[in-house]
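Report on the following structure.
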Protein chains: 2
Amino acid sequence: MEHFVSIHLDRSSDKPLYIQVYDGIVQLIKERKLSPGEKLPPIRKLASMLNVNSVTIVNAYRLLERDGFAISRVGSGTYVRPVGDIIEETSEIANRMSQGNEALLKVPFNFSGTSISPEYFPVKTFKDALNRVLDRDGGYAFAYSESQGYLPLRESLRKFLFREYAIEAPVDYIHVVSGAQQGIDIISKALLDFGDVVYVESPTYPGAIDAFKSRGARIVEIPFLQDGPDMEDLLAKLRSRPPKLFYTMPNFQNPTGRSYSEQKKKELLALSQKYDFLIIEDDHMNDLYYTERPVPLKTLDTADRVFYIKSFSKFFMPGLRLGFILAPEHFSKKIAEVKYFSDITSSGLTQRALDVMLQDGSFNEHAERMRGLFRERWNLMIRALNKHMPQEVSWTEPQGGLFFWVTLPSGCYSTNLYSKAIKKGILLTPGDFFYPDRRPSPGFRLSIAQIPPEKLEEGLKLLSQAIDELLDEFRMDPLRGDIYRPLF
Amino acid sequence: MEHFVSIHLDRSSDKPLYIQVYDGIVQLIKERKLSPGEKLPPIRKLASMLNVNSVTIVNAYRLLERDGFAISRVGSGTYVRPVGDIIEETSEIANRMSQGNEALLKVPFNFSGTSISPEYFPVKTFKDALNRVLDRDGGYAFAYSESQGYLPLRESLRKFLFREYAIEAPVDYIHVVSGAQQGIDIISKALLDFGDVVYVESPTYPGAIDAFKSRGARIVEIPFLQDGPDMEDLLAKLRSRPPKLFYTMPNFQNPTGRSYSEQKKKELLALSQKYDFLIIEDDHMNDLYYTERPVPLKTLDTADRVFYIKSFSKFFMPGLRLGFILAPEHFSKKIAEVKYFSDITSSGLTQRALDVMLQDGSFNEHAERMRGLFRERWNLMIRALNKHMPQEVSWTEPQGGLFFWVTLPSGCYSTNLYSKAIKKGILLTPGDFFYPDRRPSPGFRLSIAQIPPEKLEEGLKLLSQAIDELLDEFRMDPLRGDIYRPLF
């Protein structure tokens, strides 16, 4: 109760009192002075404490509930939303935003999909590879492969890592997994205990946050600036409580598209030694560079502190569900054991097919083709953004990958834009999803994975109209614009 | 320290003092009076406390270490083995015993393999199904499917459940996963928090124990008698502390091959309501019945308390990595969310191929063929066991599945038999692996999955010779026979 007295109300402000109460409570939640699951004071009690009308508190609580900060239980009161609920909701929304959702697939301008369109998948090549494997290995193609992965595939991956990324690694430390998400989940299970601290970039990929939270980890955000983490902020946090793990996408990050400078890559590695933490490098888009191939953190990792994860899903064939972890020597055994009790092993058949495609060069041919295709789309996107976006809006210009991060003026929320955009047939991903607490954000992600090039410019033109509408509203009444209207 | 005074030493016994000290400490560990990671007393201190020579304590500690109950750290002392280490080792051994191990594959009489031999896999049929899917769906066969599973496959599974098992379930509660192990892991993540209690049958499948332990669960064992759980023991434990989850294989259990009577199935379901716990039914072998199709617990589950897991791996094609969870309505949403952050979705391509095979009847044809084949092998096995096994040995006669559980006279350990058997080219699975604390066991598992019928009788003849050797040693010196010699 004592925390609530600290809520400061400015009765001379134009801001309605109920919004001031709402802001005060959100602040208490963010500062962790209120814990998930904690009961908020009864309405009349808080009203008399703050010397306001009961209706003011009712409205503030309603707003908290609507915005996902609280839940009310009939006959019992209002509570700070428990962590479990938040995990649930993030996943569900990620789920709804994913390719599986038929309704969203029909939206005319899809700037939300994160994997390349099915028509670009190398179906014929893969079919040939599958049939070659089945003719060659017969039933053995279906037998359990080693839990750590089919050895010839790990050997092909070892060569690939050396040739393409200058990473030297023995096959013993390469672990085949069912995509990057499983890689993150397995490392979490191997390393994290309840209460352990994980640093993540802010914003970051929500699937990783869910995996960390499911181990009871405490998530700490490090702002992602133009050229990598905010080093001042990072240092301050390291001095107070270093993490067990730092989760990063140093190249073409999801959702911002930004990359670390080489300097910051080196600094992060040095800090991991000084403050004794481990790093997960989620290298989700390395092959989709448009200027030059980026250098993974792992290439520079002389102290062996980086778990390197690469997926073949987004860029290659999502339905394959294959990726790998290159683990530090010291943790390699543990990773193999966790993989075993997670799902024994990944599909031996698809492992064998991928191996064939890595060996005969057809994977590289596909990569080359995709780079050409998306480089063109990326150029189109940069031109169209420059041509159509309103003045007040800023965006990143990534050097690879599929994502652009667009930022509205401070005070405008991207979920409010989402609702306007969807009416014009445009699907974007609001920034909220990429923050652990799902807080309202002026940023949003535009993906070029699934928007056909011939529709790209028209889509951005319509989007700029939606932004203009939002900005007009905001200009007319900045206080109204400041009210966050959640999506679902 | 105070616990160690309770170690009772009988100086008039023939049993060496160091083994008595060893037994006393093992007892303290099992009663959880000593915690994992706890330091054992310094050698001289314990020696003077128990009034024995230091060498006695040194020998006892060495034995504890050799048997996996303790670890010694140079310059620091001896510690009760931490839980994490135990998980590690169980998985590693399971791994070594699995099909991936080339060296073990070459053993002439393999009574250890748990999935049917690759030569029985329906390769041609599956290849046709794959090619049909690729020709029909093109790149869309590789697109992400819904996290919960490809809808037409879930519809086929719904029909299959109704037709074969008389289970009525809407597709909404069916969740496609990458094999039974992932099913167990996902349910663990969805339901278990640190300190939650899980009841398991004793002995049981070690992969399940690992998944529960990784959530910090406390494992409680319920002895598996001839016709199901020991109800008296179960009731006593329920009255003292009911579990959150009860993990069971009610039909053709792994490793014992035993099944619940219908009476005990009903009793367990009634108890789950009375004591408010949930049940995981791992129905790993239902299709491999030799007399009549067994009734799953789920068929009788009117109160919707059972998570039903079925895998297509062991019986069909292990490398497929497909199975499903049928979840209680109330938990279905949660399961979908955990699946999402575990690995997004299972391979869409193999889901589509399995769907084709369920729809065109080729899955059922394969099942029928396998039943015929293994029924024959099962008959051979029963005859050979009766003919060759020494008098002192007993075994189960399962009504389906691949496993026989053989029990040596009390005081004989199956790991000691393992070492003798492997010298004769026979691979069996010692019982230790199927107990949470890996304690020495007189029981062991024989599997008929991979032993060719023409080698079966010869294998059992050789095995009975190995048992005779062990029994001879034991008869000559029961105290020596009582010393457990671990495998690895």
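Only the coordinates and a few stated rules stand behind these numbers; no lab work does. Model, not experiment: these values are computed from the prediction. So basically every Cβ, Gly included, is an ideal-geometry build from the backbone, and we count neighbours across all protein chains shown.
State which stretch of chain A is the longest one without any exposed GluC sites (Glu not before Pro), exposure meaning a DSSP loop state and at most 11 other Cβ atoms within 10 Å. That gives A:293-488 as the longest site-free run.
Quick check: from the Cα gyration tensor, does region A:122-208 come out rounded (a/c under 1.5), prolate or oblate?
prolate
Electrostatic bookkeeping for B:Asp360 treats Lys and Arg as +1 and Asp and Glu as -1; over the other residues with beta carbon under 11 Å from its beta carbon, the sum is -2. For A:Asn379, the shell of other residues with beta-carbons less than 15 Å away shows a net charge of +1, using +1 for Lys and Arg and -1 for Asp and Glu.
Between the listed residues B:Pro42, B:Leu28, B:Val55, the Cα displaced farthest toward the positive end of the dipole of region B:2-81, a dipole computed from Cβ unit charges relative to the Cα centre, is found at B:Pro42.
Here B:Lys423 yields copy-to-copy label distances, from shortest upward, of 8.5 nm, the label point defined as 7 Å from Cα along Cα to C-beta. Annotation: amide H of B:Ser394 within the under-5 Å range of B:Thr407, sequence separation 5 or more or interchain, hydrogens built in the peptide plane. Annotation: the antiparallel percentage among DSSP beta bridges lying fully within the protein assembly as shown is about 55. The same position A:Gly37 in the other copies lies at 2.1 nm from this copy, comparing label points 7 Å beyond Cα toward the beta-carbon, shortest first.
With charges set only on the Cβ (+1 for Lys and Arg, -1 for Asp and Glu), what does the dipole of region B:2-81 come to about its Cα centre, in debye to the nearest 20?
The calculation lands at about 240 debye.
Inter-copy label distances at B:Arg163, shortest first and taken from points set 7 Å along Cα to Cβ: 4.7 nm.
In a reduced charge model with +1 at each Lys and Arg Cβ and -1 at each Asp and Glu Cβ, chain B shows a dipole moment near 660 debye about its Cα centre.
Here the residues B:Arg241, B:Arg352, B:Arg81, ranked from fewest to most Cβ neighbours within 10 Å of their Cβ, fall in the order B:Arg241, B:Arg81, B:Arg352. Just to be sure I understand: of the beta bridges DSSP finds with both ends in region A:247-363, what percent are antiparallel, rounded to 5? Rounded to the nearest five, the antiparallel share is 40 percent.
So in chain A, what percent of DSSP beta bridges are antiparallel if you round to the nearest 5?
55
The orientation-averaged projection of the convex hull spanning the C-alpha atoms of the protein assembly as shown amounts to 42.0 square nanometres.
Legend: mean number of C-beta atoms from other chains within 10 angstrom of residue C-beta atoms, peptide A:315-325, equals 5. Reported to the nearest whole Å, the Cα centre-to-centre distance from region B:294-364 to region B:368-385 is 27.
Among A:Phe331, A:Phe315, B:Pro122, which residue has its Cα furthest toward the positive end of the charge dipole of the protein assembly as shown, with +1 on Lys/Arg Cβ and -1 on Asp/Glu Cβ? The one lying farthest along the dipole's positive direction is A:Phe331.
Principal axis analysis of the Cα atoms in region B:2-81 yields extents of 33, 26, 24 Å, listed in decreasing size.
Whole-percent P(r), chain B, all Cα pairs, 10 Å bins from 0: 4, 18, 27, 26, 16, 7, 2, 0, 0. In a simple Cβ point-charge model (Lys, Arg +1; Asp, Glu -1; nothing else charged), region A:247-346 has a dipole of about 100 debye relative to its Cα centre. The distance from the alpha carbon centre of region B:195-250 to that of region B:126-171 is 33 Å, rounded to a whole number.
Sum -39500 (n - 2.57) across every DSSP H segment of at least 4 residues in chain A, then divide by the residue count to get the 222 nm mean residue ellipticity, nearest 500.
-14000 deg cm²/dmol
Considering every Cα-Cα pair within region A:128-361, what fraction, in whole percent, is farther apart than 31 Å?
20
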